[in-house]
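Each remark here refers to the structure printed beneath this line.
None of the figures in this text is laboratory data; all of them are computed from the coordinates on show. Source: prediction; values computed, not measured. Please note: Cβ atoms are built from the backbone with ideal geometry, for glycine as well, and neighbour counts cover all protein chains shown.
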Amino acid sequence: MKNIALFYFILAVAAIAALTVWYGCRIEPGNGEIAVLIRKTGTPLKAGEIIALKPEEKGIQLAVLGEGRYFRNPYVWDWEIHPVTDVPAGKFAVLVRKYGKNTANGGIIAPDGESRGVLREVLGTGRHRINPYAYEVKLFDDIKIRPGNVGVVTNLTGADLFSGKRNDLKNNDGFLVSRDSKGVVTEVLKEGTHRVNPFIHSITIVNTQSQRHEFSGSDAITFLTVDGFTVSLQGTVEFNIDEKLAPRLTQVVGNMQDILKKIILPSVHGFARIEGSKKQATEFIIGESRRLFQEELDKYLRRNCRKWGIIINSVLIRDIIVPQEIAAIIRNRELATQEARKYTQEIVRARSEAELAKQKMLAEQNLKKVAANTAKITATIAAEQRKMESTVAAETELKVAEVNYSTARAQAQAKLNEAEAERRVIAERNRAEAEVLARQVEAFGGGSAYVQSKLYEKIMPGIGSIIWNGDGQGTFGLPGTVRTKGGK
């Protein structure tokens, strides 16, 4: 019984211990949560410290626990569950370290990993396990630079401009600094999305696209001519900012309105007042003078603004307003001049037409001459060609006749040779037959016997009976009477 009781006692103690560990020692951060550990025992922190950098130190621990299941002794540890730091899309986070050494000279940027202040590196979009007791999280929007714009960067920290280092005065860049100094830097940010720590850098968006400004109304250019008349100019100027010189321009001059009011418009007004005061009012009515004045204004404005980093694309003087008391006189004179020019042009045109008619007649005559010469040459060439064709034809017929003659002679000679051959064959055949006949006659003892023998050969098949007399006299020396099978 004692053993059974001891067993149940041990089992109960084990169950209580398991429940105590499960419910008292279990740390289980969920999805999107972290656990901040706080040590209850250990080495006390130094004065002014709030984070325990070593596991044996008492206080809030720097390291955090991510989602999962952990077990810690509740008599040694305490913990807190916090959400993770979520940086949404289109933003970034800057961390401010709350613990560590104080920065020198009251700076706000942490120079190393052991000092308090703003960290240089930024956190991008996503979830981050940040100890809320160790860091303060500040969210900022992404810096988006669209096409046709640049970002001018101003360093808020670094060596001071007048800290004893000599300024770079090349190309009038005395107010621009290098990357490690405080002030406006020479490099710009191109189009795109940038995440720049706003505690370290300030970004100014500068539009480098073409801008258009109308100098009319209150911005119209007004000046006195050399003869004391007031002339007013209205027009348009198109310009854009050179992105390479945008930092110096924004630092020295200012924004777009400052650029217009401090550089472009004063340049236009200054040129017009200086150069316009050298001309008479009537010169601004005549088209050629207006064109020359506009070209000179364009050249001056391009040259004067280019050194500031402003590119002038075009300058157009749309209207020149002169006093009405001289405008009518000049207009009438200009109309008379144009009328005289019109008559002069008509006279010149009539002369040109007469000269054109003359040239046309000469051209027609030359054309007829050329046609006649061409026809003559064509006829001559045709006659020569016909003559050549006749000559060739006659020569060809002669050649053909000669060939035919040679052929006929050859054929006649061939026939003569053939007849001669036939004659020789017949003669040989006759001679052979004569020799055979002579031999036959000789064999019969004479011509009469041979003829009698041939006769017998012819008539013997038709003889039926022979009657002869004894004296041996009869036909062909045969006695008696000879009767053929037909009774004759």
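In terms of its alpha-carbon gyration tensor, segment 174-283 comes out prolate; a/c meets the 1.5 threshold, and the first ratio a/b outweighs b/c. Between the exposed loop cleavage positions of the chain, defined as GluC sites (Glu not before Pro) in a non-H, G, I, E, B DSSP state with at most 11 neighbouring beta-carbon atoms within 10 angstrom, the longest gap is 115-488. Taken over segment 24-141, lysine pairs spaced eight or more positions apart, or on distinct chains, with alpha carbons under 25 Å apart number 15. Evaluated at q = 0.06, 0.08, 0.11 Å⁻¹, the base-10 log of the normalised Debye intensity for the chain, with identical point scatterers placed on the Cα atoms, takes the values -0.73, -0.89, -1.13. Along the chain, counting only chymotrypsin sites (Phe, Trp or Tyr not before Pro) with a DSSP assignment other than H, G, I, E or B and at most 12 other Cβ atoms inside a 10 Å radius, the longest segment between sites is 163-488. Within the chain, the selection of entire DSSP H helices by a Cα span of 15 Å or greater along the long axis and an average Kyte-Doolittle value of at least -0.5 returns 2-24, 265-276, 447-459. Working from Cα pairs under 8 Å separated by at least six residues, relative contact order for segment 24-141 is 27 percent. Calculated mean residue ellipticity at 222 nm for the chain: -14500 deg cm²/dmol, from DSSP H runs with n ≥ 4 weighted as -39500 (n - 2.57), summed, divided by the residue count and rounded to 500. At the listed q of 0.13, 0.21, 0.22 Å⁻¹, the Debye profile of segment 336-444, built from one uniform point per Cα, gives log10 I(q)/I(0) equal to -0.85, -1.09, -1.11. Based on Cα contacts under 8 Å between residues 6+ apart, the chain shows a relative contact order of 8 percent. The mean sequence distance of close C-alpha pairs (under 8 Å, at least 6 residues apart), as a share of the length of segment 193-303, puts its relative contact order at 28 percent.
Across segment 229-348, the fraction of Cα-Cα pairs farther apart than 23 Å, rounded to a whole number, is 44%.
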